[in-house]
1. Tell me the mean residue ellipticity at 222 nm calculated for the chain from its helices only (DSSP H runs of n ≥ 4, each -39500 (n - 2.57), averaged over every residue, nearest 500).
2. Taking only the alpha carbons of the chain, what extent do you get along each of the three principal axes, in Å, biggest first?
3. Listed highest first by mean packing, meaning other Cβ atoms within 10 Å per residue, what order do 230-243, 82-95 come in?
4. Sort S71, S209, S204 so the one with the fewest other Cβ atoms within 10 Å of its own Cβ comes first.
5. Could you calculate the contour length gain from A82 to N184, that is, 0.36 nm times the residue separation minus the distance between their Cα atoms, to one decimal place in nm?
6. Got a sec to turn the phi values of the range 67-81 into Karplus ³J(HN,Hα) couplings, 6.51 cos²θ - 1.76 cosθ + 1.60 with θ = phi - 60°, whole Hz, x for Gly and Pro?
7. What are the ³J(HN,Hα) values, in whole Hz, obtained from phi via the Karplus relation 6.51 cos²θ - 1.76 cosθ + 1.60 with θ = phi - 60°, for each residue of the range 234-241 in sequence order, with x given for Gly and Pro?
8. What order do you get for D160, D218 when you list them from fewest to most C-beta neighbours inside 10 Å?
Amino acid sequence: MVLRLGYDIRFDIPAPVAMVALLHVRPSRAADLRAPDEICIEPWTPVETFIDTFGNRCTRFVAQPGALRLSNSTLLEDAGFADAVNYSAREVPVHQLPHQVLGYLLNSRYCEVDRFATIATELFGGIPPGWGRVQAICDWVHSKVSFGYQYARPTKTALDVYAERFGVCRDFQHLAVTLCRALNIPARYASGYLGDIRVSPAPSPMDFSAWFEAYLEDRWWTFDARHNQPRFGRILMAVGRDASDVAMTTSFGTANLTQFTVVSEEIAPQNARYL
């Protein structure tokens with residue numbers, strides 16, 4: 001299937017401010033692009049692009065005072081399959097994990113792993129290791145945490161979500177990631193496009209979405225404690241230890257968000273003129 005992906009993000013900038021944007025499709029999906037995936041910045045601003053330590057493509061620039069607009073519209077050809085599932089995927093003992101995966105067992109800004117050791121063991125220690133245990137974590141978070149945009153706040157951690165039982169998609173994932181890590185299952189936070197493709201449309205405006213990946217057997221697998229079902233058209237943009245590593249935009253100074261629009265939709269192939 002062919003997906004049209006895009007966004008229109010606008011800010012009011014009171015004074016010059018350095019910014020970094022993670023608004024590109026992740027390099028691992030670059031071969032599937034059928035149109036350029038570049039940020040259009042208005043007014044025109046010189047940029048630098050780089051790959052960060054997590055393998056994400058980033059854009060760096062200095063925004064000048066006034067109105068700032070970041071936008072993009074691109075096409076991506078997707079195989080059209082739902083998220084992969086492997087019920088027999090096993091957990092890997094810590095001493096056998098690849099070196100680059102070990103960091104996803106540790107505490108991070110929003111994931112207080114050491115505070116969850118007893119909680120995770122009491123809730124999930126009796127479940128056989130492997131895919132079923134990660135799915136049990138997703139089931140539990142999905143059933144215990146209520147979703148609502150009014151519950152969003154930038155300082156909310158996994159422990160806050162566990163205590164309050166309310167949150168947005170990132171909060172569901174932070175709690176699930178932390179529970180996995182507390183059981184020595186590497187888990188990383190992921191963000192990207194997830195449109196209402198082959199599901200009933202959500203009543204709220206489209207947004208970027210968060211999910212997480214758990215390392216089982218010999219690879220990363222997609223899990224989503226918020227929706228808790230395999231989905232179509234999930235397009236990865238960035239991964240990191242938690243949301244602090246994959247913010248869509250980071251400003252080193254004041255940048256007031258004034259508008260935010262995201263598009264992710266399936267289109268007919270004949271309308272994909274770049275194919």
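Coordinate-derived values only; no laboratory data. Quick caveat: nothing in here was measured; it's all calculated off a predicted structure. Glycine gets a Cβ as well: all are built from the backbone with ideal geometry, and neighbour counts include every protein chain shown.
1. Numbers: 4 runs with 43 residues, N = 275.
Helix contribution divided over all residues of the chain: -4500 deg cm²/dmol.
2. The Cα atoms of the chain stretch 56, 45, 39 Å along the principal axes, largest first.
3. On the way: 230-243: 20.6, 82-95: 12.7.
Top to bottom by mean Cβ count within 10 Å: 230-243, 82-95.
4. Sorted ascending by nearby Cβ count, the order is S204, S71, S209.
5. Numbers: separation 102, 0.36 × 102 = 36.72 nm, distance 2.70 nm.
Separation in residues times 0.36 nm, less the Cα-Cα distance, equals 34.0 nm.
6. 7, 10, 10, 10, 8, 6, 8, 9, 10, 9, 8, 10, 5, x, 9
7. 7, 10, 6, 10, 7, 10, x, 5
8. Going from least to most buried by this count: D218, D160.
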